[in-house]
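The values are calculated or read from the model by the stated rules, or taken from the named source; none is laboratory data. Not measured: the values here are computed from a predicted model. All Cβ positions, glycine included, derive from the backbone under ideal geometry; neighbour counts span all protein chains shown. The accessibility values were calculated without ligands, DNA or RNA, using every heavy atom of the protein model including side chains. Shrake-Rupley method; radii C 1.70, N 1.55, O 1.52, S 1.80 Å.
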Amino acid sequence: MTRTFTTLYHRLVLEHPWIAAGLVSALLAVAATQIRHFQLDASAESLVLEGDEAMHYYREIRARYGSDDFLIVTWTPSGALFESETLGRLEALRDALDALPGIDSVLSILDVPLLDSPRVGFSEVQAGTRALLDADTDRDLAREEFRNSPLYRDLLMNRDADTTALIVSLVRDEAAHGLLTRRDALRIRRVREGLDEAERRELAELDAAYPRISERLQAEQTAVIMEVRAVLEQHREYARIHLGGVPMIAVDMIEFVRGDIQTFGVGVGLFILVLLAVSFRQLRWVVIPSLICGGVVVGMVGFLGLVGWPVTVVSSNFISLMLILSLSLVVHLVVRQRELHQAQPSADARRLMRQTVDSKFKPSLYTALTTMVAFGSMMFADIRPVMDFGLMMVCAVAFALVLTFVLFPALVVSLPAGPVPPIRRDATERLSAALVSIAQYSPRAVALGFVAVVVVAVIGVNRLTVENRFIDYFKPTTEIYQGMELIDRELGGTTPLDVVLDPTRAFMEFEVSSDQAPSGDQQANGLDDDLADLADLDYGYDDDTDGPIGGYWFTSYQLETLDRIQTYLDALPETGKILSLATSMRLMTMLNDDQPLDGFGLAVMYDRMPAELRELLFDPYMSEDGNQVRFDIRVIDSAPNLSRDALLRQIEQELHERFGLLPEQVNLTGMLVLYNNVMQSLVRSLYITLMLVFAAMMVMFAVLFRSWKMAVVGPMPTLIAAVAVMGAMGLVGLPLDIMTMTIAAITIGIGVHDTIHYTHRYEAEVQAGADDAQAARTSHRQVGRAMIYTTVIIVGGFSILAASNFMPTIYFGLLTGVAMVFALFSNLTLLPLLLQWLRPFSPTPTDRG
């Protein structure tokens, strides 16, 4: 520490410890009052790429064709589905759900119009449609219609006719949706064109309002899901019921996050208490570190609540990390203080603490700075939750450093020095001695071993994939897994994908410049082939209707194209239920006595169709002007060989090549696209993170130790550990996800603590005149014990994550634990070898200020 800072620090903390402790207590008390504002977020917004235009387009399509904020209730009765008693129970369930606040509508087999039970023609449909419970409905025919209808098959009933689905649409807050849409538009414009002053102010206001809006919408949605579950619970006596849908998954993931935070926070806390008690066997060394760790958690959680910074699935383990990082700082102070007390049995508490903080402040500051740099590298990942997690941990590490170097000395000097710690040769010392012997007596074997690890790891990293099934994120015992698996298997798939087709640019330009259809003369004068093909078709709008009689797609010619596209999409093994204008036209053909419709027939039937049927057959799949159509696809997420990116690329490519659609006409959107965008960015983000961390570590070590050699030596042990774990994932075929991609930065960020503490002690021994071998043995004996203590705490703490219901959290905890064990081994074997071979320190001490 500099002289001025040292004097002020000693005067405040060591000479007036109760003042320092009081100030910290007051700060933590204020922070505790803000914990009630702590938020959790598992919305789609929290799991997207930063500035992803696909999110804006997704919201536009949802606003135009209807939201996918709906729940799917699967209902498998104990009796035959079409018996009167069974249908009565289904009706009671539907009515109970429909009566809930927050529910917009409930669609079931009881509500949809039947066209083939028995068969009706268009003239009969005009007079009214038949429903399942109507007296004149033939239920045997209705069963067959639900099994075979292109509209209802695999949507409302499975093909075995023993399971049905209720689609429960939630009320959408249009005002909130409008604000989010406007915010997205401004963000995209900021990137593309820039904003004027008024727009910048508007965007700032919308960004400030978003947390409040999100918190309110989240609370409302959670309340609705709870009420739906309460209703379902009352109807489980006579049926097996599962609940699915994006809103339910979001709510349950929030509960997973909340449960993980509570379980892991308590679990890691208890583990820390036990380990401290076993390791140091003195009450003060259990209570003081625990108070400091608890203070860091209270302060950070309060800060997050104060600024409205929500925790996502990715950052759900931040409390465990804060406890681990805080304890890592504290344990090194405890070990150093006990070491000094053993060497100076008659020294008082203040003198021992002065020497402890003077010797440990620099390495602790170095470790904090390098850890902050490691976590800060996540901000270049372009994935919003990963970026937030990185910045969150930067703040946490800074706070933990300050709190540790204020509270630890303030509390310890307030107590008597206590008995001299006994000198024990425990397991940690024996392990340290064994590892230094391996490094010193078998240096070539150690070096070759690490080279082999690096080679194999690089091969494994190049095999990393991001293709994983969303269903595998959850344990088979969870309702999310069970519901998704049943819907995938029986009811047409779970993950929404929209294929949106637009007209050609030439058609739109022509439509703007002319109110009439293209003529043969215009075609002859050089219109493109697309307009030429459409020139003789039936265009125009009927002023007596509410929708299109024409447009680009609503013509006989283009409807044939849509039917062929539907057939192609249906044939893909990854797709389940597909609804589109082509589906509707197949039903229209059935209403026309199975005869194809020409342009005039289409116009007449559309004009005279009941509004209820039009809303069902046309509104979700075609824009009002007929110039845009939408294929509503549900992808089977549990398909064993699902590759989202390959599927999306295949659909785009074959729509161009097989159907002659131009790139400007084809747009893919939906949750599948948003999720795939995040997944595809993971490998790139991992490489960027590793490169940035390594470069930053080189600079940090070179500056902190004023040695270019340390720029090479310092980052190497933990970098190898991080790459080894990533490589192992690639070799065993474990896909990368939004949590495991953070392992590399976390391993380096935490593992570098040991590197710096060891190197600082090694440097001190060399400058005191010890040779390299003796410096290594002393460093292993003194610092190595603290390194082993902290690693055991870290591994044990991360192992508790295996109790999560969220599989990425389990993999994250176990793999990070393995990485930290490897980092410890690397720091206690490879690091002393590199220090001995490169010799970055001279026997004469240098003044680093």
The stretch 471-481: number of residues that are open to solvent by less than 40 Å² (accessible area, probe 1.4 Å) and either touching a Lys or Arg at 6+ places or on another chain (Cβ under 9 Å) or part of a helix (DSSP H, G or I) (or both)
3
Are any residues in the stretch 85-118 exposed (fewer than 15 other Cβ atoms within 10 Å of the Cβ), more than 42 Å from the chain's Cα centre (by Cα) and in contact (Cβ under 8 Å) with a residue 12 or more places away in the chain, and if so, which ones?
Pro118
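Quick one: in the stretch 539-577, which of the residues that are among the β-branched types (Val, Ile, Thr) and at pLDDT 85 or above is farthest from Thr495 (Cα to Cα)? Reasoning before the result, please.
Our first condition is that a residue be among the β-branched types (Val, Ile, Thr); within the stretch 539-577, this holds for 545, 549, 555, 561, 565, 567, 575.
From what's left, at pLDDT 85 or above: 561, 565, 567, 575.
Values: Thr561: 25, Ile565: 20, Thr567: 20, Thr575: 9 Å.
Step by step, filter the stretch 539-577, then rank; the result is Thr561.
Taking the options Asp570, Asp637, Asp607, Asp594, name whichever one is assigned to a loop (DSSP other than H, G, I, E, B), within 30 Å of Glu124 (Cβ to Cβ) and charged (D, E, K, R).
Values: Asp570 fails: assigned to a loop (DSSP other than H, G, I, E, B); Asp637 fails: within 30 Å of Glu124 (Cβ to Cβ); Asp607 fails: assigned to a loop (DSSP other than H, G, I, E, B).
Being assigned to a loop (DSSP other than H, G, I, E, B), within 30 Å of Glu124 (Cβ to Cβ) and charged (D, E, K, R) holds for just one of Asp570, Asp637, Asp607, Asp594, which is Asp594.
Here's the yes/no breakdown for (1) surrounded by fewer than 19 Cβ atoms within 10 Å (Cβ to Cβ); (2) within 19 Å of Ala786 (Cβ to Cβ):
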| residue | (1), (2) |
| --- | --- |
| Leu401 | no, yes |
| Ala410 | no, no |
| Leu415 | yes, no |
| Leu431 | yes, yes |
| Leu435 | no, yes |
| Ala439 | no, yes |
| Pro443 | yes, no |
Of His760, His780, His753, the only residue that is of a type outside the set (Lys, Arg) and either open to solvent by 10 Å² or more (accessible area, probe 1.4 Å) or not in a helix (DSSP H, G or I) (or both) is His760
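I'd like to know if the stretch 261-274 contains one or more residues that are out of contact with any strand residue (DSSP E or B) (no Cβ under 8 Å at 6 or more places or on another chain), part of a helix (DSSP H, G or I) and modelled with pLDDT of 85 or more. Lay out the reasoning, then the answer.
Here is the first cut: in the stretch 261-274, the ones out of contact with any strand residue (DSSP E or B) (no Cβ under 8 Å at 6 or more places or on another chain) are 262-274.
Now narrow it down to the ones that are part of a helix (DSSP H, G or I): 262-274.
Now drop any that are not modelled with pLDDT of 85 or more, which leaves 273-274.
Yes: the stretch 261-274 contains one or more residues that are out of contact with any strand residue (DSSP E or B) (no Cβ under 8 Å at 6 or more places or on another chain), part of a helix (DSSP H, G or I) and modelled with pLDDT of 85 or more.
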Hits in the stretch 119-172 - residues which are on the phi > 0 side of the Ramachandran plot and buried (at least 20 other Cβ atoms within 10 Å of the Cβ)
Asp154
Report, ordered by the first and then the second residue, all pairs with beta carbons closer than 6 Å, sequence separation of six or more or different chains, a first member in the stretch 389-401 that is free of Cβ contacts under 8 Å to residues at least 40 places away in the same chain, and a second member that is open to solvent by less than 10 Å² (accessible area, probe 1.4 Å).
Val394/Phe375
Need the failing condition index for Phe507 against (1) at pLDDT below 90; (2) in a helix (DSSP H, G or I); (3) open to solvent by 20 Å² or more (accessible area, probe 1.4 Å); (4) not β-branched (Val, Ile, Thr), just the number.
(3)
Test result for Met378, open to solvent by less than 30 Å² (accessible area, probe 1.4 Å) and either more than 30 Å from Leu275 (Cβ to Cβ) or modelled with pLDDT of 90 or more (or both):
no
Of everything in the stretch 96-125, what is of a type in the set (Asp, Glu) and under 22 Å from Ser67 (Cα atoms)? Give them in sequence order.
Asp98, Asp104, Asp111
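Report those helices (runs of 4 or more DSSP H) wholly inside the stretch 666-746 carrying at least 1 residues which are of a type in the set (A, V, I, L, M, F, W, C) and under 20 Å from Met55 (Cβ atoms).
On the way: elements: 671-705, 708-713, 716-732.
Helices (runs of 4 or more DSSP H) meeting the threshold: 671-705.
Return yes or no: is Met697 closer than 15 Å to Leu814 by Cβ and of a type outside the set (D, E, K, R)? Break it down stepwise before answering.
Values: closer than 15 Å to Leu814 by Cβ: no; of a type outside the set (D, E, K, R): yes.
Against the criterion (closer than 15 Å to Leu814 by Cβ and of a type outside the set (D, E, K, R)), Met697 does not qualify.
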Quickly run through the stretch 279-295 and pick out the residues that are at pLDDT 85 or above and not in a loop (DSSP other than H, G, I, E, B).
Arg284, Trp285, Val286, Val287, Ile288, Pro289, Ser290, Leu291, Ile292, Cys293, Gly294, Gly295
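Look through Leu270, Leu275 and report the one residue that is open to solvent by 20 Å² or more (accessible area, probe 1.4 Å) and free of Cβ contacts under 8 Å to residues at least 60 places away in the same chain. Outline the logic, then answer.
Working: Leu275 fails: free of Cβ contacts under 8 Å to residues at least 60 places away in the same chain.
Criteria check complete, one pass: Leu270.
Could we say that Ile636 is crowded, with 20+ Cβ neighbours inside 10 Å, within 19 Å of Glu574 (Cβ to Cβ) and either touching a Lys or Arg at 6+ places or on another chain (Cβ under 9 Å) or in contact (Cβ under 8 Å) with a residue 12 or more places away in the chain (or both) here?
Numbers: crowded, with 20+ Cβ neighbours inside 10 Å: yes; within 19 Å of Glu574 (Cβ to Cβ): yes; either touching a Lys or Arg at 6+ places or on another chain (Cβ under 9 Å) or in contact (Cβ under 8 Å) with a residue 12 or more places away in the chain (or both): yes.
The answer is yes for Ile636.
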